[in-house]
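The values are calculated or read from the model by the stated rules, or taken from the named source; none is laboratory data. Everything quoted here is computed from the prediction, not taken from an experiment. Heads up, the Cβs are rebuilt from the backbone with ideal geometry, glycines too, and the neighbour counts pull from every protein chain shown.
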Amino acid sequence: MNVSRSPDLSGMTMRLPVGVWVEGVRYREASLRALSGSDEETIGDASSWPSPAARVTALLTAAVMRIGALAPIDVEQIRALTVLDRDAVLIALRQRLFGDRIQSTIICPNAECGKPIDLDFRLSDLPVPDRSGDTRRYEFTIDGRSVAYRLPDGGDQEAAAGLVGTAVDQAEQIILRRCVENFDELSADQVAALHAEMARRDPQLDDEFDAHCPECGRDFGVHFDIQDFLLREISGTRLQLYRQVHTLAWYYHWSEAEILAMPFQKRHIYLDLLSDLVSEIAEARA
């Protein structure tokens, strides 16, 4: 993925794999801003959102400032982004917030083993499909009839969120019904053929890894979900965020609101400067 960092602390630009179509014009250049502490606090509270998909929508709405000539970007425009575009923006945000490297621990799926296995890779190594020839609307011929459809987007993810993980078939039906014109007129075999065509047309992010357990020798596949991973990271750093607010308020006497309004990178610059100062004072007293 080609991500270019702006010279200031607040912004960055990236090219969306699919982009947004408005009146026949395609916009793909997205401008992002750094998250503030307030953004981290709000997104990090999972209990405040009806689903992970809704949290992703809120996160992207906070981060995306412009897509081509489209600005400001509202929540409905974020919902209308394809799943691949949403994942691509999340990768760029994760690289900005926590770095490119992913280090995690998974459990061997062999029931007789169950040992922890370290997962270590870089987000920049994930191949993103080239979607330069894409349009917003597609047509597929099934049994002599032309069926129009579009690719799934964030709104579809939110609509099916309550069934993901518990009733996958029903979730897929909800998404297909939203994406396909005259869906109810299709037979079960036609729906299956269309589903396969949509999967071919929309390969999504290549986030499958080959893993090996050194304990039992088993080889298996691992699925990496950037949406789930980044949301868990942001939730996991909420306590750290409050500690940082406490530290900066204690030494600089800034208010909580002032500190939470700072961009992520700027807050950490002050924390690093403060850490250096404390170390210098300690060395001088030693």
Exercise. With respect to the numbered conditions (1) closer than 19 Å to residue 85 by Cα; (2) touching a Ser or Thr at 6+ places or on another chain (Cβ under 6 Å); (3) modelled with pLDDT of 90 or more, which one is the sole condition not fulfilled by residue 44?
Worked result: (1)
For this session: Determine if region 185-200 includes at least one residue that is in contact with a helix residue (DSSP H, G or I) (Cβ under 6 Å, 6 or more places away or on another chain) and modelled with pLDDT under 90.
Result: no
Exercise. Say we look at region 143-155 and pick out the residues that are over 8 Å from residue 83 (Cβ atoms) and not in a strand (DSSP E or B); which of these is modelled with the highest pLDDT?
Worked result: 155
For this session: Provide a single number: the residues in region 14-57 that are in contact with a Lys or Arg (Cβ under 9 Å, 6 or more places away or on another chain), of a type in the set (Gly, Ala, Ser) and surrounded by fewer than 17 Cβ atoms within 10 Å (Cβ to Cβ).
Result: 2
Exercise. Does residue 99 satisfy being at positive phi and surrounded by 14 or more Cβ atoms within 10 Å (Cβ to Cβ)?
Worked result: no
Problem set entry | Identity of the residue in region 33-79, assigned to a helix (DSSP H, G or I), without any contact (Cβ under 8 Å) to a residue 24 or more places away in the chain and of a type in the set (A, V, I, L, M), that ends up nearest to residue 245 (Cα to Cα) | 58
For this session: Could you give me the residue pairs with C-beta distances under 7 Å whose first residue belongs to region 231-257 and is under 16 Å from residue 273 (Cβ atoms), whose second residue is outside any helix (DSSP H, G or I) and modelled with pLDDT of 95 or more wherever it lies, and which are 6+ apart or on separate chains?
Result: 248/254
For this session: Go through the residues of region 258-277 one by one and say whether even a single one is in contact with a helix residue (DSSP H, G or I) (Cβ under 6 Å, 6 or more places away or on another chain), in a helix (DSSP H, G or I), in the same structural domain as residue 48 (by TED's automatic domain parsing) and surrounded by 14 or more Cβ atoms within 10 Å (Cβ to Cβ).
Result: no
For this session: State whether the residues of region 208-224 include one that is surrounded by 15 or more Cβ atoms within 10 Å (Cβ to Cβ), modelled with pLDDT under 90, part of a loop (DSSP other than H, G, I, E, B) and of a type outside the set (Lys, Arg).
Result: yes
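Examine region 100-123 for a residue that is under 18 Å from residue 224 (Cβ atoms) and part of a helix (DSSP H, G or I), and state whether such a residue exists.
Taking every residue of region 100-123 in turn, at least one turns out to be under 18 Å from residue 224 (Cβ atoms) and part of a helix (DSSP H, G or I).
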